[in-house]
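Data block below; observations after.
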């Protein structure tokens with residue numbers, strides 16, 4: 001494993017344990033904010049049931065996309081059980097947060113995401129790494145632009161093709177609850193309301209500032225650095241997912257407190273390459289010929305893995 005990987009994942013040994021222990025706590029306001037975001041997005045969907053398609057698309061891109069991506073990243077927080085000390089409560093809240101997204105993904109996301117943390121960069125296990133097909137086909141400005149627009153599909157479908165896992169009990173609950181909400185939305189308010197939710201998810205995960213974190217987190221723009229943090233204003237809307245080096249070093253600390261990790265141990269983070277704009281990251285990714293889906297650090301799986 002690279003020296004950077006070993007450094008970044010062992011630094012907890014040299015950081016003040018007393019100060020860090022204060023950060024390992026649940027975020028009590030988390031369920032309230034999730035409830036507000038879910039309620040606001042579902043209300044917006046019903047409000048648009050008779051709107052024109054151009055208006056629906058515009059509101060989906062400039063408003064709904066931010067809410068749905070916020071909820072997607074709330075599900076990311078919940079996959080680490082950061083809202084409640086009892087895991088099942090986090091799972092139920094994740095299923096609830098999933099509702100406006102329109103497609104059941106909360107439970108399945110947790111399965112693959114925890115492997116991403118435990119086996120970061122390990123070929124065949126970490127499904128955050130693009131496939132060889134993506135790397136060979138997405139090689140120029142046009143193909144990279146298309147890839148960015150549809151990256152949410154690649155992100156969601158890649159594990160199902162490369163490393164499918166049998167669905168479990170909770171995934172069926174996630175599926176049935178989501179189908180019930182979607183069916184109710186169509187039955188009572190019509191297809192336009194449902195389309196608004198799906199469009200909010202799609203555009204918010206594509207050529208959109210919020211989606212820049214998909215690229216900024218682990219795509220290698222500088223040799224020898226595997227993970228990158230973002231210290232910009234959109235952290236306020238994304239549960240501070242931009243503090244990504246800090247998150248991988250301490251995944252049990254809620255995102256809203258990760259800035260304190262950087263304050264406690266600035267010597268471990270201030271010297272690393274970081275970003276202040278996710279939109280700029282998307283632009284650099286598309287325009288830089290030396291960067292593409294292949295720009296990831298990969299490791300071979302060991303026998304124990």
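Using alpha carbons only, how many degrees (0 to 90, rounded to 10) separate the axis of helix 87-98 from the longest principal axis of the chain? Long axis of 87-98 versus the principal axis of the chain: about 50 degrees. In terms of its alpha-carbon gyration tensor, segment 31-175 comes out oblate; a/c meets the 1.5 threshold, while b/c is at least as large as a/b. Using the rule -39500 (n - 2.57) for each DSSP H run of four or more residues, divided by the residues of the chain, the 222 nm mean residue ellipticity is -16500 deg cm²/dmol.
In this label model, residue 302 and residue 276 are separated by 4.0 nm, measuring between points 7 Å along each Cα→Cβ vector. Residue order for 302, 201, 46, fewest other beta carbons within 10 angstrom first, comes to 302, 46, 201. Extension gain, residue 89 to residue 156: 0.36 nm times the residue separation minus the Cα-Cα distance gives 21.7 nm. Once the Cα atoms are used to define both axes, helix 169-189 deviates from the longest principal axis of the chain by about 40 degrees.
Please compute the contact order of the chain in relative form: average sequence separation of alpha-carbon pairs under 8 Å and at least six residues apart, divided by the residue count, as a percent. Intermediate values should be presented prior to the final figure.
Values: 412 pairs, mean separation 84.0, N = 305.
Rounded, it is 28 percent for the chain.
The calculated pair-distance distribution of the chain uses every alpha carbon pair, bins of 20 angstrom beginning at 0, and gives 32, 60, 8 percent. Compared with the dominant Cα axis of the chain, that is its longest principal axis, helix 65-79 is turned about 50°. Taken as Cα centroids, segment 105-142 and segment 217-238 sit 17 Å apart, rounded to the nearest whole angstrom.
With contacts taken as Cα pairs under 8 Å and at least 6 residues apart, segment 196-301 reaches a relative contact order of 31 percent. Neighbour counts of other Cβ atoms within 10 Å put 246, 267 in the fewest-to-most order 267, 246.
Using C-alpha pairs under 8 Å with a sequence gap of at least 6, the mean separation divided by the residue count of segment 59-118 gives a relative contact order of 32 percent. Set against the 2.2 N^0.38 Å expectation for a compact globular protein, segment 185-305 has a Cα radius of gyration ratio of 1.29.
Any read-out appearing in this document is the output of simple, stated calculations on the displayed coordinates, not a laboratory observation. All figures in this text were calculated on a predicted structure; none of them were measured in a lab. Heads up, the Cβs are rebuilt from the backbone with ideal geometry, glycines too, and the neighbour counts pull from every protein chain shown.
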